[in-house]
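**Student:** The following block contains the structure, expressed as structure tokens.
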Amino acid sequence: MTNEPVSQLPATRQPPALSTVGLSKSYGRVKALRSIDMELYEGEILALVGDNGAGKSTLMKILSGAVAADEGEILMDGVPVHLTSPIVARRHGIETVHQDLAVVPTLDVTENLFLGREIRIGGPFGRVVPLLNKRAMRRAARDHLQTLNIGIPSVRQRTDTLSGGQRQAVAVARAYAFGHRIVIMDEPTAALGVQETEAVVDLIRKINEQGIAVILVSHNLPQVLELSNRIMVLRAGMNVGTVETQRTDMEQVVRLITGAEVRHTA
Ligand SMILES: Nc1ncnc2c1ncn2[C@@H]1O[C@H](COP(=O)(O)OP(=O)(O)OP(=O)(O)O)[C@@H](O)[C@H]1O
Ligand SMILES: [Mg+2]
């Protein structure tokens, strides 16, 4: 089987939409990430796989501005950026569905959908009164969920009373609404049933069809092989290889995950 390293792809390619150089992160004595180089190209679905504790969520948290790296650089379109907070990352068009805390449990569906981007009522003299336009937000939330075919009983429902799948769907719907360049999904279907998984996979495709690049963290290798353009494998905090999905198979990905095969082709 031929597995061309990514570095041998045609030189005509645009600079990556998002890339990292030498990204490292330790938690005390645990080296969660060791000098990660990665590239995410415009419009692609990059899958990120690896065993439990390999560093996937840590890398996603750094790219979403939630965690600071100890070392290394993040670039967008080849230009260094400083993703100092989730708000800054969002301003750069990066939206994330986190593995944990995908939604704020004490807020309702509408509030979660609009988190940090509430529609405000404009006051007189062009002044913005800090008053939320709840009706407009609820209407928009209902329309949005309907468009995406997400069955949620009520947009006024607190998300801690939703099923796991419904909660995840709300988080993915938010990413779909606001991620204008890059959407990061950390195991978006891990806790979902068959139908809910299909609905979220459908959403991932819809997001990608908008030209948005997606990083999909998943333990579901058949799903990864079906959905992604490239697969990057982390093992013990290291990038042990990035392969093109069309040129690989389940056996090779498993070998990379377990360490039976090592490639440095990020
Ligand atoms: N906040 C933290 N404090 C201390 N250690 C942490 C913290 N977050 C992650 N770690 C450690 O860093 C390593 C990488 O964790 P991470 O969550 O990135 O793994 P993962 O690849 O997402 O695993 P999983 O597939 O189980 O979600 C693990 O050894 C983990 O215990
Ligand atoms: Mg994780």
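The values are calculated or read from the model by the stated rules, or taken from the named source; none is laboratory data. As the structure is a prediction and not an experimental result, all values here were calculated from the model. Note that each Cβ is placed from the backbone with ideal geometry, even for glycine, and that neighbours are counted across all protein chains shown.
**Student:** For segment 36-44, does any single residue satisfy the condition of being part of a helix (DSSP H, G or I), touching a strand residue (DSSP E or B) at 6+ places or on another chain (Cβ under 6 Å) and closer than 25 Å to L225 by Cα?
**Tutor:** Looking through segment 36-44, none of the residues is part of a helix (DSSP H, G or I), touching a strand residue (DSSP E or B) at 6+ places or on another chain (Cβ under 6 Å) and closer than 25 Å to L225 by Cα.
**Student:** Only one of (1) over 16 Å from Q168 (Cα atoms); (2) crowded, with 20+ Cβ neighbours inside 10 Å; (3) touching a helix residue (DSSP H, G or I) at 6+ places or on another chain (Cβ under 7 Å) fails for L225. Which number is that?
**Tutor:** The failed condition is (2).
**Student:** Turning to a different aspect of this structure: State which residue is surrounded by the most Cβ atoms within 10 Å (Cβ to Cβ) when the search covers only segment 69-88 and only residues that are part of a strand (DSSP E or B) and touching a helix residue (DSSP H, G or I) at 6+ places or on another chain (Cβ under 9 Å). Before you say what the answer is, go through the steps one by one.
**Tutor:** Residues of segment 69-88 that are part of a strand (DSSP E or B), as a first pass: 71-76, 79-81.
Retained after the next criterion (residues that are touching a helix residue (DSSP H, G or I) at 6+ places or on another chain (Cβ under 9 Å)): 72, 74, 81.
Details: G72: 16, I74: 21, V81: 17.
Per the stated criteria, the residue is I74.
**Student:** Could you please give the count of residues in segment 172-190 that are within 16 Å of ligand 2 (Cβ to nearest atom), under 22 Å from T110 (Cα atoms) and hydrophobic (A, V, I, L, M, F, W, C)?
**Tutor:** 2
Residues are listed down the side, and each one gets a yes or a no for (1) surrounded by fewer than 15 Cβ atoms within 10 Å (Cβ to Cβ); (2) of a type in the set (A, V, I, L, M, F, W, C); (3) modelled with pLDDT under 80; (4) in contact with a Pro (Cβ under 7 Å, 6 or more places away or on another chain):
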{"position": "G116", "(1), (2), (3), (4)": "yes, no, yes, no"}
{"position": "I121", "(1), (2), (3), (4)": "yes, yes, yes, no"}
{"position": "P124", "(1), (2), (3), (4)": "yes, no, yes, no"}
{"position": "R127", "(1), (2), (3), (4)": "yes, no, yes, no"}
{"position": "P130", "(1), (2), (3), (4)": "yes, no, yes, no"}
{"position": "R135", "(1), (2), (3), (4)": "yes, no, no, no"}
{"position": "R139", "(1), (2), (3), (4)": "yes, no, no, no"}
{"position": "H144", "(1), (2), (3), (4)": "no, no, no, no"}
{"position": "I152", "(1), (2), (3), (4)": "no, yes, no, no"}
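**Student:** Being within 16 Å of ligand 1 (Cβ to nearest atom) and among the aliphatic types (A, V, I, L, M) is the filter here, so list the residues in segment 82-116 that pass it.
**Tutor:** Of everything in segment 82-116, those that are within 16 Å of ligand 1 (Cβ to nearest atom) and among the aliphatic types (A, V, I, L, M) turn out to be V97, L101, A102.
**Student:** Considering segment 194-222 alone, what residues qualify as being surrounded by fewer than 17 Cβ atoms within 10 Å (Cβ to Cβ) and within 16 Å of ligand 2 (Cβ to nearest atom)?
**Tutor:** As a first pass, look at segment 194-222 and keep what is surrounded by fewer than 17 Cβ atoms within 10 Å (Cβ to Cβ): 194-195, 198, 202, 205-206, 209-211, 219, 221-222.
Across segment 194-222, the qualifying residues are H219, L221.
**Student:** Looking at segment 211-240 only, could you name the residues that are assigned to a strand (DSSP E or B), within 11 Å of V49 (Cα to Cα) and not charged (D, E, K, R)?
**Tutor:** Those that are assigned to a strand (DSSP E or B), within 11 Å of V49 (Cα to Cα) and not charged (D, E, K, R): I215, L216, V217, I231, M232, V233, L234, N239, V240.
**Student:** OK, next. Considering segment 54-68 alone, what residues qualify as being assigned to a loop (DSSP other than H, G, I, E, B) and either in contact with a Gly (Cβ under 6 Å, 6 or more places away or on another chain) or surrounded by 14 or more Cβ atoms within 10 Å (Cβ to Cβ) (or both)?
**Tutor:** A54, G55, S64, G65, A66, V67
**Student:** Answer yes or no: is there a residue in segment 188-202 that is within 15 Å of ligand 1 (Cβ to nearest atom), farther than 17 Å from R167 by Cβ, touching a helix residue (DSSP H, G or I) at 6+ places or on another chain (Cβ under 8 Å) and polar (S, T, N, Q).
**Tutor:** Among the residues of segment 188-202, not one is within 15 Å of ligand 1 (Cβ to nearest atom), farther than 17 Å from R167 by Cβ, touching a helix residue (DSSP H, G or I) at 6+ places or on another chain (Cβ under 8 Å) and polar (S, T, N, Q), which makes the answer no.
**Student:** Another question, if that's okay. Right, L101: in contact with a His (Cβ under 8 Å, 6 or more places away or on another chain), aliphatic (A, V, I, L, M), closer than 21 Å to V183 by Cβ and modelled with pLDDT under 90 or not?
**Tutor:** Spelling it out, it is not the case that L101 is in contact with a His (Cβ under 8 Å, 6 or more places away or on another chain), aliphatic (A, V, I, L, M), closer than 21 Å to V183 by Cβ and modelled with pLDDT under 90.
**Student:** Go through segment 46-58 residue by residue and tally those that are near ligand 1 (Cβ under 8 Å from one of its atoms) and in contact with a strand residue (DSSP E or B) (Cβ under 6 Å, 6 or more places away or on another chain).
**Tutor:** 6
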